[in-house]
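Colleague: Here's a structure for you.
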Amino acid sequence: MGGNYLLDFHHHEEGSLPLPPKCTISIDCYDSSDIRDAIASSIEQSLYALALSGMDLRSLDGVTVTSDARKAACDLQDLPAGAIPLEMTEQPETMELARTVAVQRGDEFRFHIVLRPGLGLMTLSTKPEEQALACGCIAHEAAHVEHEGLLYKTFPDVYGHALDCGDRSRQSFIKSLDVWSEYAACRSSAQFRAEAMEDFDRAFCVALQQSLSSSQKWIERFRDGGNAAETFREIQQVFGDTFICAGYLLGHLHGLEMHGMEQAPGARQLLTKNPPIAELISRLERVLQELWLSEFGWDSLEVFAPIYDLLCEMMALYGMAFARRGDEWRIVMSDEAAKTPALRDFLLAKVREESGPIASSPAKKNVDSED
């Protein structure tokens with residue numbers, strides 16, 4: 001069954017719109033050709049509408065609607081067999097409806113949107129809430145195309161190469177870039193589904209609560225003879241995901257011209273009970289706002305270092321600090337969750353060390369290089 005559609009955006013007056021000359025839409029997950037045709041047409045109209053609204057989609061490679069979004073994304077990226085992309089852990093009570101991936105076309109990278117079949121059908125729904133969800137999701141992914149396209153033009157080596165993070169943890173530094181990515185996409189697409197704030201608020205609260213409990217479980221497992229490298233990786237993952245969820249929420253709030261977490265009831269209540277975290281999130285908000293205002297003037301990937309530093313501070317507040325010396329990571333882990341001022345100051349001091357061994361501490365252990 002044919003499910004490939006080639007869109008020629010620049011054959012008439014559309015040439016002035018920020019759209020690629022040509023774009024493919026691949027749909028093979030529905031049995032009915034009528035449904036495939038209708039969804040392709042609906043997606044095409046959405047892309048036109050987003051371009052008319054001012055969204056720059058010139059870096060768009062295409063759109064694929066498929067039942068296995070993760071496999072399709074990996075195939076598009078041409079990842080080696082068995083390779084696992086660094087991404088968020090699946091969030092409870094949520095389901096991924098779409099994603100955008102970088103794909104190499106000749107000597108350049110472009111950005112491809114992958115949608116699940118349910119989202120495709122929602123574009124045809126007669127229910128306003130389903131139409132709004134589809135519109136919001138497509139707008140969010142299109143915003144990724146816009147901002148990732150600009151990032152690629154500014155720093156071409158960020159795609160297709162091993163990212164040089166210096167003495168920083170590659171895992172946490174990539175998470176820092178992802179925080180910006182979701183913040184920017186949410187800020188650019190918030191107007192298309194304002195009611196999504198409730199979802200982002202809930203996701204942030206769940207992620208924060210789980211990261212606090214999960215980090216202590218991993219540290220306790222390490223204390224009982226667990227693997228230090230695994231603990232190092234998993235704690236970075238849970239707190240990195242929490243920061244990404246904060247990026248979603250802050251971006252959506254800013255896109256609706258709201259600031260701070262006062263308009264997000266769940267986050268407001270949770271952060272009120274955790275002043276040190278509230279202070280970190282407030283600083284993260286300022287950093288993201290500054291990145292937004294300076295996006296067209298970045299001169300180095302160092303612009304993302306403040307997000308990385310805040311992420312490290314968050315981990316230190318809840319029991320883990322690390323620094324690199326040569327090819328080794330030196331790790332400090334405490335199952336006391338930095339409850340005492342002395343321990344908190346000690347861990348934060350370790351975070352701020354650029355290199356060198358970590359001194360006497362509650363626990364320390366070497367971990368092999370991430371490289």
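Colleague: Search the structure for amide H atoms under 5 Å from the amide H of residue 4, placed 1.01 Å from N in the peptide plane, and list their residues when 5 or more places away or on another chain.
Modeller: For residue 4, whose amide H was placed from the backbone, the distant partners under 5 Å are 27.
Colleague: Using only the alpha-carbon atoms, what does the range 89-194 span along each of its principal axes? Please give whole angstrom values in decreasing order.
Modeller: That gives 51, 34, 23 Å along the principal axes, largest extent first.
Colleague: Ranked highest first by average number of other Cβ atoms within 10 Å, how do 157-164, 168-175 line up?
Modeller: Going by the mean number of other Cβ atoms within 10 Å, highest first, we get 168-175, 157-164.
Colleague: Taking the Cα centre of each part, how many Å lie between the range 110-159 and the range 171-189?
Modeller: Each part reduced to its Cα centre gives a spacing of 15 Å.
Here, each number is a calculation from the coordinates, and none is a lab measurement. The structure presented is a predicted model; accordingly, all values stated were derived computationally and were not measured. Glycine gets a Cβ as well: all are built from the backbone with ideal geometry, and neighbour counts include every protein chain shown.
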